[in-house]
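Asker: Sharing a structure below in structure tokens format, with a few things to ask.
The values are calculated or read from the model by the stated rules, or taken from the named source; none is laboratory data. Only a predicted model underlies this, so the values are computations on that prediction, with no experimental measurement involved. Every residue, glycine as well, gets a Cβ built from its backbone with ideal geometry; the counts of neighbours run over all protein chains shown. All accessible areas refer to the heavy atoms of the entire protein, side chains included, with ligands and DNA or RNA removed. Shrake-Rupley method; radii C 1.70, N 1.55, O 1.52, S 1.80 Å.
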Amino acid sequence: SFEVNFIASHLKLVNNKLILIDQKLNQEVVIKEDDLKYEVFPSKTSPDKIIYTVSSLPIYGHLYLKLGNQSFQNKLKVGSTFTQKNIDDRLLVYIKNSNRHESVQDHFYFQVTLQDNWSLIKTDSLR
């Protein structure tokens, strides 16, 4: 006999922490898995299959995806994507570009999807 068992999977938020940013202009802040992390539950999935799509940009800075050792090569825009593996590998960078010397709160919005599975979608923000 042959059986097929379907297991309902969902994206689970593990980390979405407030990141403290110095008041210096052009400060590079690496967004790490301790700051932002989703997993697929209950079955584990490779982090390169968890895809983030930027749906709004930060107000006081820019997001970059490092290519090699250079941070400024791939500036993200609305619709740009990066993966959980990019975050795990410390390739996602926020750079403050505001001259404001007081503390500011910045954030960006994103959708999280599982590659090849359009039904697993979450919308969230990093603050």
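Asker: Between a first residue in the range 66-78 that is assigned to a helix (DSSP H, G or I) and a second residue that is modelled with pLDDT of 90 or more and not acidic (Asp, Glu), which pairs have beta carbons less than 7 Å apart while being 6 or more apart in sequence or on different chains?
Answerer: From residues that are assigned to a helix (DSSP H, G or I), the pairs are 71/64; 71/93; 72/64.
Asker: Return only the number of the condition from (1) modelled with pLDDT of 80 or more; (2) open to solvent by 70 Å² or more (accessible area, probe 1.4 Å); (3) part of a strand (DSSP E or B) that residue 55 does not satisfy.
Answerer: For residue 55, the failing item is (2).
Asker: With modelled with pLDDT of 85 or more, closer than 18 Å to residue 113 by Cα and open to solvent by 30 Å² or more (accessible area, probe 1.4 Å) as the only criterion, which of 44, 77 stands out?
Answerer: 77
Asker: Further question: Restricting attention to the range 24-41, and to residues there that are in a loop (DSSP other than H, G, I, E, B) and open to solvent by 70 Å² or more (accessible area, probe 1.4 Å), which single residue is modelled with the highest pLDDT?
Answerer: 34
Asker: May I pose another question? Considering only the range 80-91, state which residues are open to solvent by 80 Å² or more (accessible area, probe 1.4 Å) and without any contact (Cβ under 8 Å) to a residue 60 or more places away in the chain.
Answerer: 85
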